[in-house]
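Below is one structure; the comments refer to it alone.
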Amino acid sequence: MSTALLHYTAAAATDRGRKRPSNEDAFGFSIESGVFLVCDGMGGAAGGEIASSLAVDEMLRLLDPLPADEKRPATMPDMAEEAIAAANEAIYSRSQRNYKLSGMGTTLVGLIVEERCVWVFNVGDSRCYRLRNQNLEQITLDHSLVEEQVRLGRMSRSEAQRSPIRNVITRALGTQSRVTPDIFELEVETGDLFLLCSDGLTRELPDSSIQLLLCAELPLDQLCMRLVEAAKKAGGHDNITCILVRASE
Ligand code: CA
């Protein structure tokens, strides 16, 4: 395996879709810090939009790089977990102070890259995929009622996709005083392409279509646009957001 230094490039796109009056998704990234985030908010009034953008802002602020001579003090999973807890607290306390925002929350899927190591974390049903050698693999597991039924063998994958309760998530950021994220640690190979996305993409497009689109040899911003356009063409029932991150030498 090559040991050359990797560098990362990224692009993102978000779209209201064709049915929703507003866009409650939010995204953010910092190439210097190696942090990439997608959030899909929920809640009455403007709660969804507030929750998702609060999560992105808070996470970016906390995971920003330290001065060059200071190494990151804690291990990366610990830092990610602390940032997620702080973002959760920021949303939760804001909803406690304003009854109109009561119950607001957001999903979170994120990526932190450091050389050949990547940490993926998620809460809710926004997903991370990795395309390697033209094969698409879902890294995260949805925290949703139907996904849990599938894992327990009580429901088939296709039943889950058609289920009227398929949008019920079992974990969210900001709806309770505490939250437990999943965190995955992966080794990166040259050419790996990571996709972070909200369910507005994955509800409309099967993994096979996403894989086919991602295999096109195009700049990342054009790939993002193609994903969004394909999801809109397939119905665009929900807000659509994606970030693509590529590792190259
Ligand atoms: Ca959504």
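All of the numbers you see were taken from the coordinates with simple rules; none came from a lab. Remember, it's a predicted structure, so these values are computed and weren't measured experimentally. Here the Cβ positions follow ideal geometry from the backbone for every residue, glycine too, while neighbour counts run over all protein chains shown.
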Which percent, nearest 5, of DSSP beta bridges in the chain are antiparallel? 100
Enumerate the aspartates and glutamates that residue 100 could reach by cross-link, defined here as Cα to Cα under 18 Å, with residues fewer than 8 away along the same chain left out. 24, 49, 89
Dipole of segment 88-182 (Lys/Arg Cβ +1, Asp/Glu Cβ -1, origin at the Cα centre): which of 141, 91, 117 lies farthest to the positive side? 91
Distance between modelled label sites at residue 102 and residue 148, nm, 7 Å Cα→Cβ extension: 2.4
In nm, the gap between the two label points placed 7 Å beyond Cα toward Cβ at residue 61 and residue 19 is 3.5
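Compute the length gained on full extension between residue 237 and residue 79: take 0.36 nm times their separation in residues and subtract their Cα-Cα distance, giving the result in nm to one decimal.
53.4 nm
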The chain: relative contact order from alpha carbon pairs under 8 Å, six or more residues apart, as a whole percent, is 28
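Loop only by DSSP, 12 or fewer other Cβ within 10 Å of the Cβ. Give me the trypsin sites (Lys or Arg not before Pro) in segment 71-162 that pass, ordered by residue number.
Answer in residue order: 71, 154.
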Those Cys residues of the chain for which no other cysteine Cβ falls under 4.7 Å: 39, 117, 128, 215, 224
For a label point 7 Å from the Cα of residue 189 along Cα→C-beta, name the residues of segment 205-225 whose backbone N is under 19 Å from it. 211-212, 214-217
Helix-only mean residue ellipticity at 222 nm, the chain, DSSP H runs n ≥ 4 weighted -39,500 (n - 2.57), per residue, nearest 500. What is it? -9500 deg cm²/dmol
Quick shape check on segment 148-190: root eigenvalues a ≥ b ≥ c of the Cα gyration tensor, a/c under 1.5 is rounded, otherwise prolate if a/b tops b/c, else oblate, and it reads oblate
Under the classification rounded if a/c is under 1.5, otherwise prolate if a/b is larger than b/c and oblate if not, where does segment 75-158 fall, given a ≥ b ≥ c as square roots of the Cα gyration tensor eigenvalues? oblate
Alpha-carbon gyration tensor eigenvalues x 5, square-rooted, for segment 125-170, Å: 22, 12, 9
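Give the relative contact order (percent, whole number) for segment 112-184; include only Cα pairs under 8 Å separated by 6+ residues.
35
Starting from 0.36 nm per residue, how many nanometres of slack lie between residue 208 and residue 167 once their C-alpha separation is accounted for?
Full extension from residue 208 to residue 167 adds 12.7 nm.
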Two-decimal Rg to Rh for the chain - Kirkwood Rh, Cα set: 0.95
